[in-house]
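The values are calculated or read from the model by the stated rules, or taken from the named source; none is laboratory data. Remember, predicted model here, so these are calculated numbers, not experimental data. With ideal geometry, Cβ positions are generated from the backbone for all residues, glycine too; neighbour counts draw on all protein chains shown. These accessible areas exclude ligands, DNA and RNA; they are computed on the full protein's heavy atoms, side chains included. Shrake-Rupley method; radii C 1.70, N 1.55, O 1.52, S 1.80 Å.
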Amino acid sequence: MKINENYLKLEQSYLFSTIAKKVAEFTKQNPDVRVIRLGIGDVTRPLCPAVTKALHEATDEMGIKETFKGYGPEQGYAFLRQAISEYYKGHHTEVSEDEIFVSDGAKSDLGNILDIFDADNTVLIPDPVYPVYVDTNIMANRTICYMEANKDNNFLPMPDYTVDADIIYLCSPNNPTGAVYSKDQLKEWVDYALAKNAIILFDAAYEAFIGDETLPRSIYQIEGAKKCAIEFCSLSKTAGFTGTRCGYTVVPFELKCGDVALHSLWLRRQTTKFNGVPYIIQKAASAIFTPEGQQQIKENIEYYKQNAALLTEALTELGMSFIGGEHSPYIWLMCKSGMTSWEYFEYLLQEAHIVGTPGSGFGKNGEGYFRLTAFGEREDVEEAIKRLKALK
């Protein structure tokens, strides 16, 4: 028996596990202290009424012989895929329901999609970056090239034609920085991918936070993208599904490697390794795309965006440098002068009892930066602001 020794190349602990351990130690030593958590990007607003109603109805269906459901289609039930397709149309984007694959979340598919690609591919990943992009490729021993995301390019790296890549990861609105690509910028990436015969893995998990119609919510709003891009979406932050798990991935029919359609490869992978998302969850997800559901989740998203606005207003008042927070639930701020990311983490935890995420956990270019999220309760955000302003 031999293990996959590529796992030994990974960091010993997942970033958020390390944070949780440090916070647990602090709270144990300081049981009377109220810690405000603005670190991990978990939602705090409950599922909207349209979703919980659908959950109850679907649960009742499962207890009746005539409406009971067993194994469902691996690609997802047609009623949900149709609803998602109509959602795209509402944002001036054409995606066929047969190009949509329902999943248990974008994180899973961003890792699992690599099954259809050979290990002998060069992967281009921005730095700083969501750790899953890096770790899943280390597990497969792929060659990774990093593109510099920094203050000079507003943390939105652009193509470099002197660099050859086969697989490209893009995330917009970005996690962790909150930066958002424009249509012109994404067009440059699409042109680069087509020229290099490369594939873009486009993480659109936070598209619902975009409030400017001129900014793209899908890479398929860009001409030529269906020939070079797979899009991953999540209902976790859009509709509070972090605990119920549902998302979707779009693999266009036009997307090919030579004569091989990647759609057929992904379908084969899913039918082999995945039994689909539970019927109850898919019924709940379909309620999100009803007029009632859309209005209700919009209210929750606006709640988080107002949290972000309060935080960015406070940071501006304090003279701190940051990006994000406008079309994203994430705020990427520069640490207090001279502090490393982890030193600033300890400083905020010890002095203000606020938990955030050290930027260095997202890559070397994250050193000296810090991520705050807007997913907290309003009273917690307001208290955090008071504590930030009280710091010396």
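Could you size up the charge dipole of the chain around its Cα centre, putting +1 on the beta carbon of Lys and Arg and -1 on that of Asp and Glu, and report it in debye to the nearest 20?
Its charge dipole is roughly 800 debye.
Any idea what diffusion coefficient the stretch 100-170 gets from Stokes-Einstein, in µm²/s, Kirkwood Rh on alpha carbon pairs, 4 °C, 1.567 mPa s?
Details: Rh = 13.1 Å.
This corresponds to a translational diffusion coefficient of 99 µm²/s.
With both residues required to sit in the chain, DSSP beta bridges show an antiparallel share near 50%.
Note on Glu86: accessible area approximately 110 square angstrom, rounded to 10, probe 1.4 Å, nucleic acids and ligands left out.
Using a probe of 1.4 angstrom and keeping all protein chains present, the accessible surface of the chain works out to 46 square angstrom per residue. Answer with one residue from Leu262, Ser172, Ile331: the one whose Cα lies farthest towards the positive end of the charge dipole of the chain, charges on Cβ with Lys, Arg +1 and Asp, Glu -1. Positive-most Cα among the choices belongs to Ile331.
Each principal axis of the Cα atoms in the stretch 130-202 has its own extent, and those three values, largest first, are 32, 28, 19 angstrom. For the chain, adding -39500 (n - 2.57) for each run of n ≥ 4 DSSP H residues and dividing by the number of residues yields -12000 deg cm²/dmol at 222 nm. Using a probe of 1.4 Å, the accessible surface attributed to Asp98 totals some 70 Å² when neighbouring protein chains are kept in position. Using the alpha carbons alone, the radius of gyration of the stretch 296-392 stands to its Kirkwood radius in an Rg to Rh ratio of 0.96. Legend: distances between Cα atoms for Lys305/Lys389; Lys2/Lys226; Lys107/Lys305; pairs beyond 30 Å are Lys2/Lys226.
Rolling a 1.4 Å probe over the protein heavy atoms leaves Thr272 with an accessible area of roughly 90 Å².
By Kyte-Doolittle mean hydropathy of at least 1.6 and Cα axial length of at least 30 Å, which whole DSSP H helices of the chain are selected? Walk me through the numbers on the way to the answer.
On the way: long enough: 291-317 (38 Å, -0.98).
Flagged H segments: there are none.
With viscosity 0.890 mPa s and temperature 25 °C, the Kirkwood radius over alpha carbon pairs of the stretch 145-302 converts through Stokes-Einstein to a diffusion coefficient of 143 µm²/s. Note on Lys69: lysines with a C-alpha under 21 Å away, same-chain residues under 8 apart excluded, are Lys53, Lys273, Lys283.
Ranking Met62, Pro31, Asn4 by how far each Cα lies toward the positive end of the dipole of the stretch 1-100 (charges on Cβ) leaves Pro31 at the top.
Given axes a ≥ b ≥ c from the Cα gyration tensor, I'd like to know whether the stretch 1-140 is rounded (a/c under 1.5), prolate (a/b larger than b/c) or oblate. Mind showing how you got there, number by number?
On the way: a/c = 1.91, a/b = 1.24, b/c = 1.54.
Oblate shape, in that a/c is at least 1.5 and b/c is the bigger or equal ratio.
Here the dipole of the stretch 169-284 is about 580 debye; that uses its Cα centre as origin and unit charges on the Cβ of Lys and Arg (positive) and Asp and Glu (negative). Ranked from largest to smallest solvent-accessible area, with a 1.4 Å probe on the protein heavy atoms, Lys2, Lys283 come out as Lys2, Lys283.
If you roll a 1.4 angstrom probe over the protein chains with everything in place, what fraction of the accessible area of the chain belongs to carbon and sulfur, to the nearest %? So the carbon and sulfur contribution to the accessible surface is 50 percent.
Between the alpha-carbon centres of the stretch 321-392 and the stretch 1-53 there is a gap of 16 Å.
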